[in-house]
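Worksheet: the structure to be examined is printed underneath.
The values are calculated or read from the model by the stated rules, or taken from the named source; none is laboratory data. This structure is a prediction, so every number in the text was calculated from the model and none was measured. Cβ coordinates were reconstructed from backbone atoms using ideal geometry, including for glycine residues, and neighbour counts include every protein chain displayed. These area figures cover heavy atoms from the full protein model, side chains too; ligands, DNA and RNA do not enter into them. Shrake-Rupley method; radii C 1.70, N 1.55, O 1.52, S 1.80 Å.
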Amino acid sequence: MTKSSSPIRLGLFLLADGHHVAAWRRPGRRSNPSTDFRHYLEIARQAEAGCLDFLFVADFLGVRTTDPVAISRTARTLGLEPLTLLSALAAVTQHIGLIGTASTTYNEPFHVARKFASLDLLSQGRAGWNLVTSQNDPEAWNFGHERHAAHAPRYERASEFADVVLGLWNSWQSEAIHDDAESGIFLDPDGMRVLEHQGPHFSVRGPLDIAPSPQGRPIVVQAGSSDTGVALAVRTADIVFTAQPSADSARAFYAKVKSRTAEAGRSPESLLIMPGVAPVIGQSRAHAQELKDELDSRVHPSVGHHLLYNATGGLDLSSYPPDSLLPDVLPETNGSKSRQQVLLEVARRDKLTIRQLYLMLAGARGHRYVIGTAQDVADELEHMHKDKQADGFNIMPLTLPEGLCDFVSQVVPELQRRKLVRTAYEGRHLRENLGLGVPHSLAAAA
């Protein structure tokens, strides 16, 4: 196979036991690792040894369900706040990026700008913010609201929120810091930019009390694929994290985002598209399938129906025969519209039964599985990259740390042999390692 024109970017989507909802039930697994820092430390060091670009940590502002059966049968109810975890990992890693999630619906922009700018300095330029608008009512209940905000108004808030954060990250020119003890001048006030933002959602004077990091400002990730999410991404983001269930949908999404990025006056290469991929690696394709089937066999039906309930916008399918097809009409969701669209597309295309659909969600949640040997996985990642379906991938191992160990020890060396990924970190900070330039001024972006 020929060398690709650009390297494949690789992130690790870090999720406690792993991305399969039944991973916590596998034999020999570490007890309750979701709050065990040693567990995350081991994973971070494995990922850094494999020269992956970043760790990616999602977030949910509350308990995901009020269903006592679902709560009792999943290990995802308890966890750690992303910024706290990533700050601890910053002290014990040197190169790998640290991307955490913060909601624009239930935060204030000054808080988000300040926290991520601090992580960026503490890690010497390795921080990133995954911008989300949150998804459903259980989060709203923790912030004084009876219902989650509707899709359109919460994205309007998110757009202004991003403007404020980017503006605050542009508060100081790097040359404004003199730190000259002899003259007694520490800061040059002429290098300070006061934001003075007044908008429909926020009034923020600024400036931010955090200096720029070596990479200028944190990376911004937009994790959404709706038209509204894409519009926000091409204006503000460095990475788009997306779920694309097929080659056709991935290719079309890639072309759309790159085209809109150019229309917005940006270089298409300045916005990386990194869909999620769930690799299952075995000694043979049959063995890899057996590994997935064994995990699937441990999914309790109540957990499966809960996964479908969230993904279909609140439809309870538990009364339907598990081997029947989805109903023809599903309610529109006020959660992730792109995720519901992905689910419907796959279900209709492949004529999946309710059981097959919730087992698909159990491991990859609408992202693409790649099941086979290490060479099979490398072949598929290379093909998706060369076929302009992706600039890189957010890797979602079904089990952690074992799935990551298999990927780093088997797939990464194969990709390195093909000169598709790095063998050592090239840059001093996350932007350099991702091939993205350090922004000279953020005023235009905001």
Would you confirm, using the coordinates I've provided, whether residue 207 is in contact with a Phe, Trp or Tyr (Cβ under 8 Å, 6 or more places away or on another chain), without any contact (Cβ under 8 Å) to a residue 60 or more places away in the chain, in a loop (DSSP other than H, G, I, E, B) and not acidic (Asp, Glu)? yes
Reported set for segment 219-234 where residues are crowded, with 21+ Cβ neighbours inside 10 Å and in contact (Cβ under 8 Å) with a residue 40 or more places away in the chain is 219, 220, 221, 222, 223, 224, 225, 229, 232
Within segment 266-300, count every residue that is touching a helix residue (DSSP H, G or I) at 6+ places or on another chain (Cβ under 8 Å), assigned to a helix (DSSP H, G or I) and either free of Cβ contacts under 8 Å to residues at least 40 places away in the same chain or closer than 25 Å to residue 341 by Cα (or both). 3
Taking the residues in segment 190-199 that are touching a residue at least 12 places away in the same chain (Cβ under 8 Å) and outside any loop (DSSP other than H, G, I, E, B) as candidates, determine which candidate is most open to solvent (accessible area, probe 1.4 Å). 190
Of the numbered conditions (1) more than 20 Å from the chain's Cα centre (by Cα); (2) not in a loop (DSSP other than H, G, I, E, B), residue 27 fails exactly one; give the number of that condition. (2)
From the options 45, 76, residue that is in contact (Cβ under 8 Å) with a residue 12 or more places away in the chain and under 20 Å from residue 358 (Cα atoms): 76
Output the residues belonging to segment 422-446 that are at pLDDT 95 or above, within 19 Å of residue 274 (Cβ to Cβ) and open to solvent by 20 Å² or more (accessible area, probe 1.4 Å). 422, 425, 432, 435
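One line per residue, one yes/no per condition, for (1) on the phi > 0 side of the Ramachandran plot; (2) out of contact with any Gly (no Cβ under 7 Å at 6 or more places or on another chain):
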site: 226; (1), (2): no, yes
site: 238; (1), (2): no, yes
site: 243; (1), (2): no, no
site: 251; (1), (2): no, yes
site: 262; (1), (2): no, yes
site: 265; (1), (2): yes, yes
Give segment 235-255 a look and list any residue that's free of Cβ contacts under 8 Å to residues at least 60 places away in the same chain and open to solvent by 20 Å² or more (accessible area, probe 1.4 Å), or say none. 248, 252
Would you call residue 389 open to solvent by less than 10 Å² (accessible area, probe 1.4 Å), touching a Lys or Arg at 6+ places or on another chain (Cβ under 8 Å) and of a type in the set (S, T, N, Q)? yes
Scan of segment 64-83 for residues that are aliphatic (A, V, I, L, M), surrounded by fewer than 18 Cβ atoms within 10 Å (Cβ to Cβ) and within 19 Å of residue 132 (Cβ to Cβ), ordered by number: 80
Mind checking which residues of segment 1-54 are basic (Lys, Arg) and crowded, with 21+ Cβ neighbours inside 10 Å? 9
Tell me which residues, restricted to segment 354-401, are at pLDDT below 90 and not in a helix (DSSP H, G or I). 365, 366
Let me confirm something: among 237, 211, which residue is touching a helix residue (DSSP H, G or I) at 6+ places or on another chain (Cβ under 9 Å) and within 16 Å of residue 102 (Cβ to Cβ)? 237
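For (1) open to solvent by less than 50 Å² (accessible area, probe 1.4 Å); (2) at pLDDT 90 or above; (3) in a loop (DSSP other than H, G, I, E, B), each residue gets a yes or a no:
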| residue | (1), (2), (3) |
| --- | --- |
| 166 | yes, yes, no |
| 175 | no, no, no |
| 179 | no, no, no |
| 182 | no, yes, yes |
| 201 | no, yes, yes |
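For the condition open to solvent by less than 10 Å² (accessible area, probe 1.4 Å), at pLDDT below 90 and under 20 Å from residue 58 (Cβ atoms), what is the one hit in 162, 140?
Numbers: 162 fails: at pLDDT below 90.
The conditions single out 140.
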When (1) more than 30 Å from residue 422 (Cα to Cα); (2) free of Cβ contacts under 8 Å to residues at least 40 places away in the same chain are applied to residue 108, the one that fails is (2)
Taking only pairs six or more apart or across chains, which ones have beta-carbon atoms under 6 Å, a first residue in segment 81-98 that is closer than 15 Å to residue 117 by Cβ, and a second residue that is part of a helix (DSSP H, G or I) and open to solvent by 40 Å² or more (accessible area, probe 1.4 Å)? 83/115; 90/122
Entirely in segment 71-141, the helices (runs of 4 or more DSSP H) that have 2 or more residues that are under 18 Å from the mean Cα position of the chain (by Cα): 82-90, 109-122
Determine whether segment 244-260 contains at least one residue that is under 26 Å from residue 96 (Cβ atoms) and outside any helix (DSSP H, G or I). yes
Within segment 98-117, which residues are over 14 Å from residue 201 (Cβ atoms) and open to solvent by 40 Å² or more (accessible area, probe 1.4 Å)? 111, 114, 115
Any idea which of (1) in contact with a strand residue (DSSP E or B) (Cβ under 8 Å, 6 or more places away or on another chain); (2) of a type in the set (S, T, N, Q); (3) modelled with pLDDT under 95 is the one residue 101 doesn't satisfy? (3)
